[in-house]
Protein chains: 2
Amino acid sequence: MAMDHAAAEGDHLAAERAAARFDVEAMKVAWAGSRHAVDVADRMARLVASDPVFRKDNRTMLSRKDLFKDTLRKAAHAWKRIVELRLTEEEASLLRQYVDQPGYVDLHWGMFVPAIKGQGTEEQQKKWLPLAYKFQIIGCYAQTELGHGSNVQGLETTATFDPKTDGFVIHSPTLTSSKWWPGGLGKASTHAVVYARLITEGKDYGIHGFIVQLRSLEDHSPLPGVTLGDIGGKFGSGAYNSMDNGVLRFDHVRIPRDQMLMRLSQVTREGKYVNSDVPKQLLYGTMVYVRQSIVADASKALSRAVCIAVRYSAIRKQFGSQDGGPETQVLNYRTQQSRLFPLLASAYAFRFVGDWLNWLYTDVTQKLEAKDYSTLQEAHACTAGLKAVTTSATADAIEECRKLCGGHGYLNSSGLPELFAVYVPACTYEGDNVVLLLQVARILMKTVSQLTSGKQPVGTMAYMGKVQHLMQSKCAVKTAEDWLNPAFIQEAFEARALRMAVNCAQNIGQAANQEEGFYERSPDLLESAVAHIQLIIVTKFIEKVQQDIPGHGVKEQLQNLCNVYALYILHKHLGDFLATGCITPKQGALANEQLGKLYAQVCWSLFLLLVSLF
Amino acid sequence: MAMDHAAAEGDHLAAERAAARFDVEAMKVAWAGSRHAVDVADRMARLVASDPVFRKDNRTMLSRKDLFKDTLRKAAHAWKRIVELRLTEEEASLLRQYVDQPGYVDLHWGMFVPAIKGQGTEEQQKKWLPLAYKFQIIGCYAQTELGHGSNVQGLETTATFDPKTDGFVIHSPTLTSSKWWPGGLGKASTHAVVYARLITEGKDYGIHGFIVQLRSLEDHSPLPGVTLGDIGGKFGSGAYNSMDNGVLRFDHVRIPRDQMLMRLSQVTREGKYVNSDVPKQLLYGTMVYVRQSIVADASKALSRAVCIAVRYSAIRKQFGSQDGGPETQVLNYRTQQSRLFPLLASAYAFRFVGDWLNWLYTDVTQKLEAKDYSTLQEAHACTAGLKAVTTSATADAIEECRKLCGGHGYLNSSGLPELFAVYVPACTYEGDNVVLLLQVARILMKTVSQLTSGKQPVGTMAYMGKVQHLMQSKCAVKTAEDWLNPAFIQEAFEARALRMAVNCAQNIGQAANQEEGFYERSPDLLESAVAHIQLIIVTKFIEKVQQDIPGHGVKEQLQNLCNVYALYILHKHLGDFLATGCITPKQGALANEQLGKLYAQVCWSLFLLLVSLF
């Protein structure tokens, strides 16, 4: 698609492209991570773009029913191509990504199969995975209920062990216990991993996963006792309406005992609940993995939106005509730049922090396997917080890009309304962003409380160990250019994050009890958590641009983007920095001045070429 | 609709309603402006809700074509009911508002008819208005072109006078000159007011309006030389897809000379361009009127979103269960309150500033009729700025309300996705918000530059006359409760707005020339304009709650909301207040503390009843 657009726009953008002052191919590699990653992405993008079955231009015109049929057709065709071309797992995943239409296969591959892999015994995996791999069964992930999302421990569906039949009775005791939202459930799935309260010998053992067949493999009709439906239209003209998010109710549905996922715990033939010796902490590894991929997706969605808005801003001309000459490109307006360029910088920031999270996942997994849980809490805080901050920023940024295209951004043909509508649920799924940030805040408060006891914080919280210095430090910036020094940026962000956390801890300390204090100060705690996470993003960006980066001019451009990102965040949250005395009003004004200079310096034009890949 | 919801929700919300600590009926009057306004709105809402033709529940399920047909059916039915019931103009307008589905009639009544009234001679009005009133012709407003929106002076369509035929030749000379966006153009309209460059005797006199017939009154087919189409799908599942926004191209279409709208200027039989003696400033009155109604609409849209989110937050329970007891209403979480309650306060703030703008419109009109143009510039700055600030805040707030409903807000059945998609173009139409704020900034800079010459600023800029005091003043707040004193709030907001404007003026003064300086500092100028407009909103809210407001507890609640709004804005823009030294970090922390206390005090429950009216 990128190629078709490029061809159609050739005349209008040629001047911009020619102005690139760096090695564009090398920049692509810097973004994608390797030459191999660029090439395989390019190949898969072309494969999708050149295949008429995968056409996208009519997507927002289709009725809901036709859109759903179109999704089924594309999913089947993608599967066929993957098999025919013997694509690798990496290639197949990229191909599905470029098809870019949410559908039941996302849940089958992304949730159902991993749930069995992660929570099923070897025996269970041997039985169920081959069926799933060959699509002899289609699975979904039935966790969320009408009445319970964030609070998973409050789910109401029951799975009661019946020793007489050596099986579980799955039941929906209330209206609010109806499973609600699972993708692929409404129409497509034959099976689900269902989360329910395990009850045996009269005792409630909390939430466990069960493989439950929902529909007949003969005629796809719901099995007895199973009520199924689609939950209706969603935000956008197309967006997630290609997905059959569903509702599911059970009326005493029986499944054999061995369909409980038994890797971490099991129920014996006699009905005894037994924990296995597999450490429960292993589940955290999966969570880090899923959230790492959400952060990576944020940078992709954001770069697509920014690409459209940059191209539009280069082509659109408005005002500023002298004596009937050409008008000014809107890209040249400082107001357009000050809204658009920080979003471009954010796309790179999220990209690089995503790469780093990928490393963290490997690190955590290795440590877990060695039963070293020392960094687990910090890793959890960091991935949960990055998920929250990057998805919220990306959703807002896509909508801002849409507005930056003026009236034209409101047309579906701009691509932006759908990009927003399909992206924005990322703020809610896999952990509501506010709930996640409060988890981060809780770990921050715990870390602060341990500082006096001399316990050294680890990983992304290590800076908090410099508490003596950071509570007193004074920013040494004297000129606008001083703000280009990463050491000054780093220290200002560290001091801001630490002082906000310490302030919160002190305020909580004054409350009658800790829980009450945490509750009363929770809006401040959200801001404190955001400050901590933004520090991580800035730090990882700085670390990236201090590495060797090959290609003429690439490193300089990335350094500029890094500075834009940091100074933009500083200006946006100026109140934090001033209120905590980390910088003076004068230094804040210098940062803003430097930001304006960076807009003029950075070689923006090229980025519209670059970001077109994703 | 509100009534049906109330009945269905009875059990869940009864406790909240019973907790109301003020006179709900009196609050409705305070919101609507008068008992009469409450009653007529209530009657019209019931009329629409009880009529099956106006049903809305299937709206997001319809295909684009069926949705458009549904809009035609509703428009015709509304017209029939208005005639049958002999509704007044006020009633008819409210009825259309509650039908709440954008359609060609909005442009016919809202733009086509007013354009003829405002820009047509008496003779032209006599000829065209009766046809429009009886729907013998359907009109739209064809201004925006594919290549030109904000810069109206850059429109390319030409209207060249041909003395041989005593008429104009309307022509689209380029692709970018295609009319693009006009509502009602794609399918419905027979006529349009077309804006084009008037050319006579070889000279270009700039943009003028012309009445042009587009389609046959016999069979509705496009007239020769006229190319027409619909511009395609727009944001949302329904939203503005009920509207036939269109594209229009002219190939040398001829119209008689008397179809130029000639109230302000005309072309004689000989082709001479002549200005009439009607002052052009009269057009400003219309602009103030249109923007005043946009501000009023902002408060309505926002109150609907807040109503949904408050009700959801009262019913939804999550976490916090002790030993299997009921969970906590999410309305009781400080994080939910700190996001939701400021939006409720904003709805009231926008409502009251809208009422005041209504007064301003009358005032400006009277002054214009007396040829007194002294307040025109200030009135323009104030209405343009209020349009920009209230529509941006409302669009963001609707989306925030959607997120506050968690996953459920993503379903069309929550009403919020469509409310957002149908509202958000208000940020772009009738003046892009960034362009409008720069106009405000330009007037602010002019006012600052005149301060030294002793010229006293008027109206909403009068505070700038206190420059000596405000540049030096120190905020006297010592305790959190001090922030409940409106004098402290008022002065802090005045000092912030003035100091930001003066800073900008000083920075511009250092540039090589004024225009270059204005360009370089435009991102700061936007922030300065926002600060000035937020001051106006806060001031008008304070003035409102200082009046007598009847009804037990009503005034107290509105005072609380006024304080919530002001302190929320102060906290959100803390950087402005601290950077300009208007308040100290300690005072900022006290404001935030007081804000938290207000959340606990305000009697929120009742508002969900109240806002259900709109």
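Some observations on this one:
- Within the range A:390-418, the set of residues being open to solvent by 20 Å² or more (accessible area, probe 1.4 Å), more than 9 Å from chain B (Cβ to nearest Cβ) and of a type outside the set (Gly, Ala, Ser) comprises just one member, A:400.
- Selection status of residue B:83, open to solvent by less than 50 Å² (accessible area, probe 1.4 Å), aliphatic (A, V, I, L, M), on the phi < 0 side of the Ramachandran plot and in a helix (DSSP H, G or I): no
- Residue list for the range A:504-542, filter: among the charged types (D, E, K, R) and touching a residue at least 60 places away in the same chain (Cβ under 8 Å): A:540
- For residue A:178, the requirement of being in contact with a Leu (Cβ under 6 Å, 6 or more places away or on another chain) and open to solvent by less than 40 Å² (accessible area, probe 1.4 Å) is met.
- Residue match in the range B:466-489 (condition: under 27 Å from the mean Cα position of the chain (by Cα) and either hydrophobic (A, V, I, L, M, F, W, C) or closer than 30 Å to residue A:338 by Cβ (or both)): yes
- Per this entry, residue A:283 is counted among residues that are among the aliphatic types (A, V, I, L, M), surrounded by fewer than 18 Cβ atoms within 10 Å (Cβ to Cβ) and within 20 Å of the chain's Cα centre (by Cα).
- Filter result for residue B:339 (under 21 Å from residue B:288 (Cα atoms) and either surrounded by 21 or more Cβ atoms within 10 Å (Cβ to Cβ) or touching a residue at least 40 places away in the same chain (Cβ under 8 Å) (or both)): no
- Scope the range B:231-254; condition open to solvent by less than 10 Å² (accessible area, probe 1.4 Å) and closer than 30 Å to residue B:282 by Cα; matching residues: B:246, B:248
- Residue B:385 vs. criteria crowded, with 22+ Cβ neighbours inside 10 Å, within 14 Å of the chain's Cα centre (by Cα) and either in contact (Cβ under 8 Å) with a residue 24 or more places away in the chain or more than 30 Å from residue A:515 (Cβ to Cβ) (or both): yes
- When the helices (runs of 4 or more DSSP H) confined to the range A:91-146 are screened for residues that are under 17 Å from residue A:74 (Cα atoms), those reaching at least 2 such residues are found at A:104-107.
- Filtered residues of the range A:188-230 (kept if touching a strand residue (DSSP E or B) at 6+ places or on another chain (Cβ under 6 Å), open to solvent by less than 20 Å² (accessible area, probe 1.4 Å) and within 14 Å of chain B (Cβ to nearest Cβ)): A:229
- Restricting A:588, A:581 to those that are crowded, with 21+ Cβ neighbours inside 10 Å, farther than 19 Å from residue A:349 by Cα and either within 11 Å of another protein chain (Cβ to nearest Cβ) or at pLDDT below 95 (or both) reduces the list to A:588.
- Test for residue B:590: is it under 26 Å from the mean Cα position of the chain (by Cα) and farther than 30 Å from residue A:331 by Cβ: no
- Strands (runs of 3 or more DSSP E) contained in the range B:237-351 and holding at least 3 residues under 30 Å from residue B:562 (Cβ atoms) and within 14 Å of chain A (Cβ to nearest Cβ): none
- Among the helices (runs of 4 or more DSSP H) confined to the range B:1-52, there are none with at least 3 residues that are more than 23 Å from residue B:82 (Cα to Cα), modelled with pLDDT under 85 and among the hydroxyl-bearing types (Ser, Thr, Tyr).
- Failed condition for residue B:178, given (1) away from chain A (no Cβ under 14 Å); (2) in contact (Cβ under 8 Å) with a residue 60 or more places away in the chain: (1)
- In this structure, residue A:131 qualifies as open to solvent by 30 Å² or more (accessible area, probe 1.4 Å), away from chain B (no Cβ under 14 Å) and of a type in the set (A, V, I, L, M, F, W, C).
- Leading residue by the ranking (farthest from the other protein chains (Cβ to nearest Cβ)) among those in the range A:419-435 that are small (Gly, Ala, Ser) and open to solvent by less than 10 Å² (accessible area, probe 1.4 Å): A:426
- Within the range B:195-221, the set of residues being out of contact with any Leu (no Cβ under 8 Å at 6 or more places or on another chain) and either assigned to a strand (DSSP E or B) or at pLDDT below 95 (or both) comprises B:198, B:199, B:200, B:203, B:212.
- For residue B:556, the conditions (1) at pLDDT 95 or above; (2) under 18 Å from residue B:481 (Cα atoms) are fulfilled apart from (1).
- Where residue B:372 falls short, out of the listed (1) in a helix (DSSP H, G or I); (2) more than 12 Å from chain A (Cβ to nearest Cβ); (3) of a type in the set (D, E, K, R): (1)
- Note on the range B:517-558: residues that are among the aliphatic types (A, V, I, L, M), open to solvent by 10 Å² or more (accessible area, probe 1.4 Å) and within 30 Å of residue A:333 (Cα to Cα) amount to 2.
- Search result, residues across the range A:151-173 that are part of a loop (DSSP other than H, G, I, E, B), within 14 Å of chain B (Cβ to nearest Cβ) and open to solvent by 50 Å² or more (accessible area, probe 1.4 Å): A:173
- Beta carbons closer than 6 Å, at least 6 apart along the sequence or on distinct chains, pair a first residue in the range A:287-303 that is over 17 Å from residue A:344 (Cβ atoms) with a second that is open to solvent by less than 30 Å² (accessible area, probe 1.4 Å) and among the polar types (S, T, N, Q) for A:288/A:383; A:291/A:383; A:295/A:390.
The values are calculated or read from the model by the stated rules, or taken from the named source; none is laboratory data. Not measured: the values here are computed from a predicted model. Neighbour counts run over all protein chains shown; Cβ positions are idealised from the backbone, glycine included. These accessible areas exclude ligands, DNA and RNA; they are computed on the full protein's heavy atoms, side chains included. Shrake-Rupley method; radii C 1.70, N 1.55, O 1.52, S 1.80 Å.
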